[in-house]
Amino acid sequence: MTPKELRAFCLSFNAAVEDFPFSPEISVFKVLGKMFALSFLDASPLTVNLKCAPEDAVRLRGEYEGVIVPGWHMNKRHWNTVTVDSPDELPDRLVRELIEDSYDLVVAGLPKAERLRLDRR
């Protein structure tokens, strides 16, 4: 997955926006003000921080050792850092699923009224 593909996929979700609250180089993807992905898109290797259910986070780190690691500068119980540009080790399909799961977890934590508003968009 390229930086352009990562940005486009993150922005394809309902009400998703890109923001730069930390620096102009760090893309933060949010839904209704809540972060679901964070990436320095010009970095090599290309990584993205994604929210994850705690039990899945530990399992994924074991299955993809070195490619999925505890979230850098994040709550390590709930966030993973995923290297997305290593196709031999991590298929794009799985990266997309992990991004979608992160988005879904954040949406699930929104107040009911905001979730309902998202459903109507």
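For this structure, a couple of remarks:
- For the chain, the relative contact order is 23 percent, taking Cα pairs closer than 8 Å that sit 6 or more residues apart in sequence and dividing their mean separation by the residue count.
- Low-density loop positions, chymotrypsin sites (Phe, Trp or Tyr not before Pro), the stretch 65-114 - DSSP coil, at most 15 other Cβ in 10 Å: Trp72
- Coordinate range along principal axes, alpha carbons of the chain, Å, largest first: 40, 32, 25
- Expected-Rg normalisation [2.2 N^0.38 Å, Cα atoms] applied to the stretch 6-55: 1.12
- Dipole magnitude of the stretch 3-119, debye to nearest 20 (Cβ charges: Lys/Arg +1, Asp/Glu -1, about Cα centre): 520
- Full-stretch length increase - His78, Lys4 - with 0.36 nm per residue and alpha-carbon distance subtracted: 24.1 nm
- Mean Cβ neighbour count within 10 Å, used as a protection proxy, ranking 20-28, 3-11, 62-70 highest first: 3-11, 62-70, 20-28
- With each label modelled as a point 7 angstrom along the Cα→C-beta vector, the Leu11-Leu110 pair spans 1.9 nm.
- Checked against a 21 Å cut-off, the cross-linked pairs Lys76/Lys112; Lys51/Lys76; Lys4/Lys76 give Cα-Cα distances beyond that limit for Lys76/Lys112; Lys4/Lys76.
Every read-out reported here was derived from the displayed coordinates using simple, explicitly stated rules and does not represent laboratory data. Quantities reported herein were computed from a predicted structural model and do not represent experimental measurements. When we count neighbours, we look across all protein chains shown, and the Cβ atoms used for this are built from the backbone with ideal geometry, even at glycine.
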